[in-house]
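First the structure, in the form of structure tokens, and then the observations on it.
The values are calculated or read from the model by the stated rules, or taken from the named source; none is laboratory data. Everything quoted here is computed from the prediction, not taken from an experiment. A quick note on method: Cβ atoms are made from the backbone with ideal geometry, for glycine too, and the neighbour counts reach across all protein chains shown. Accessible surface is based on the protein model in full, side chains and every heavy atom, while ligands, DNA and RNA are left aside. Shrake-Rupley method; radii C 1.70, N 1.55, O 1.52, S 1.80 Å.
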Amino acid sequence: MPLVTTTEMFKKAYDGGYAIGAFNVNNMEIVQGITEAAAELRAPLILQVSKGARKYANHTYLMKLVEAAVIETGLPIALHLDHGDSFELCKSCIDGGFTSVMIDASSKPFEENIALTRQVVDYAHDHGVVVEAELGTLAGIEDEVNVSAEDSSYTRPEDVQEFVERTGCDSLAIAIGTSHGAYKFKPGTDPKLRLDILEDVEKRLPGFPIVLHGSSSVPQEFVKLINENGGNMPGAIGIPEEQLRLAAKKAVCKINIDSDLRLAMTACIRQYFNAHPEHFDPRQYLGPARDAIREMVKHKIVDVLGCDGKA
Ligand code: G3H
Ligand code: 13P
Ligand code: ZN
């Protein structure tokens with residue numbers, strides 16, 4: 001099976017009350033860890049590449065790694081550009097074989113967001129590629145952009161219908177209280193997703209797939225392991241997984257997770273070096289790191305997304 005778009009996956013996810021995991025990839029071990037988990041649990045999968053990841057690893061290397069994952073697993077896998085910030089970047093990924101792109105013009109005024117999204121949609125649809133757009137602004141760090149909590153803003157449900165109609169986008173990322181990165185909320189706070197906004201959006205766009213970014217839960221045991229093994233991460237908490245599970249049962253069809261994989265990988269490598277200071281063969285620590293990613297993704301598929309057995 002070749003790479004697929006998200007159209008079919010989202011339709012089934014919407015009707016089935018579950019979500020597809022969109023996991024960020026940067027290198028071979030990350031691709032392998034994620035796809036081993038999905039293959040074991042027969043879960044459909046979105047592998048996504050940020051602008052920074054594409055710069056780090058090179059388009060062709062990432063493309064070929066993801067193609068290898070398709071061959072090895074036989075799973076429906078979509079390859080998606082995460083947070084595309086220009087028409088040119090989206091075009092380059094479409095021309096280069098991605099099956100889905102995000103144009104993130106959410107920081108621009110409404111009319112500019114619509115115009116840029118429409119431009120990408122026209123090109124993408126002519127090439128059989130689907131487009132995710134965004135309305136509302138998440139807090140946190142993505143690529144070089146750092147949005148403070150004060151500058152973040154929830155999606156206004158009254159805007160979504162006009163936005164989707166005028167842009168022709170295939171899915172919509174909304175801001176309902178998630179946030180990018182590992183430092184989302186101060187310890188002691190009680191993060192709550194605005195599921196009421198999600199429900200309002202769902203009423204206005206029945207059957208339309210919604211996306212949540214910034215959905216890592218920042219498991220405290222991994223932060224602790226990092227700090228016990230020479231790291232120095234200040235305390236932070238993430239999005240409670242039970243709230244994401246509720247969102248996945250509603251109109252949310254795609255949930256983005258990156259930071260939790262980074263935490264799992266880093267905790268494992270730090271622990272490994274502490275236990276084996278004499279080792280220097282990268283396979284010795286990248287192998288267990290790949291396993292740690294696999295276990296994290298299995299947990300997300302079963303306990304958060306509910307997409308196991310849906311491939
Ligand atoms: O939301 C952003 C993703 O976590 C990708 O992060 O730009 O550091 O690759 P990155
Ligand atoms: P996290 O930083 O919460 O993992 O979010 C990742 C993301 O939204 C990628 O687009
Ligand atoms: Zn994101």
Practice prompt. Taking the residues in the stretch 167-222 that are within 16 Å of ILE257 (Cβ to Cβ) and away from ligand 3 (no atom under 16 Å from the Cβ) as candidates, determine which candidate is most open to solvent (accessible area, probe 1.4 Å).
Written response: PHE222
Discussion item. Please go through the stretch 66-113 and give me each residue that is away from ligand 2 (no atom under 16 Å from the Cβ), in contact with a helix residue (DSSP H, G or I) (Cβ under 9 Å, 6 or more places away or on another chain) and closer than 18 Å to ILE174 by Cβ, ordered by number.
Written reply: LYS108, PHE110, ASN113
Fill in: ILE46, sole failed condition from (1) modelled with pLDDT under 95; (2) within 16 Å of ligand 2 (Cβ to nearest atom); (3) not acidic (Asp, Glu)
(1)
Practice prompt. Can you confirm whether the stretch 235-257 contains a residue that is at pLDDT 95 or above, at positive phi, of a type in the set (Val, Ile, Thr) and within 16 Å of ligand 3 (Cβ to nearest atom)?
Written response: no
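Among the residues of the stretch 189-203, are any free of Cβ contacts under 8 Å to residues at least 60 places away in the same chain, of a type in the set (Ser, Thr, Tyr) and away from ligand 2 (no atom under 15 Å from the Cβ)?
Within the stretch 189-203 (the criterion being free of Cβ contacts under 8 Å to residues at least 60 places away in the same chain, of a type in the set (Ser, Thr, Tyr) and away from ligand 2 (no atom under 15 Å from the Cβ)), the answer is yes, since at least one residue qualifies.
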Worksheet item: With respect to LEU116, is the statement that it is among the hydrophobic types (A, V, I, L, M, F, W, C), more than 25 Å from LEU198 (Cα to Cα), surrounded by fewer than 22 Cβ atoms within 10 Å (Cβ to Cβ) and in contact with a helix residue (DSSP H, G or I) (Cβ under 9 Å, 6 or more places away or on another chain) true?
Response: no
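So if I check each of ALA38, ALA22, ALA13, which one is at pLDDT 95 or above, touching a Lys or Arg at 6+ places or on another chain (Cβ under 7 Å) and under 22 Å from LEU246 (Cα atoms)?
Among ALA38, ALA22, ALA13, only ALA22 is at pLDDT 95 or above, touching a Lys or Arg at 6+ places or on another chain (Cβ under 7 Å) and under 22 Å from LEU246 (Cα atoms).
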Discussion item. So in the stretch 161-188, with the set limited to residues that are within 12 Å of ligand 2 (Cβ to nearest atom) and in contact with a helix residue (DSSP H, G or I) (Cβ under 8 Å, 6 or more places away or on another chain), which one is nearest to ASN232 (Cα to Cα)?
Written reply: ALA182
Worksheet item: Regarding LYS192, is this residue within 25 Å of GLY21 (Cβ to Cβ), of a type in the set (Lys, Arg) and within 16 Å of ligand 1 (Cβ to nearest atom)?
Response: no
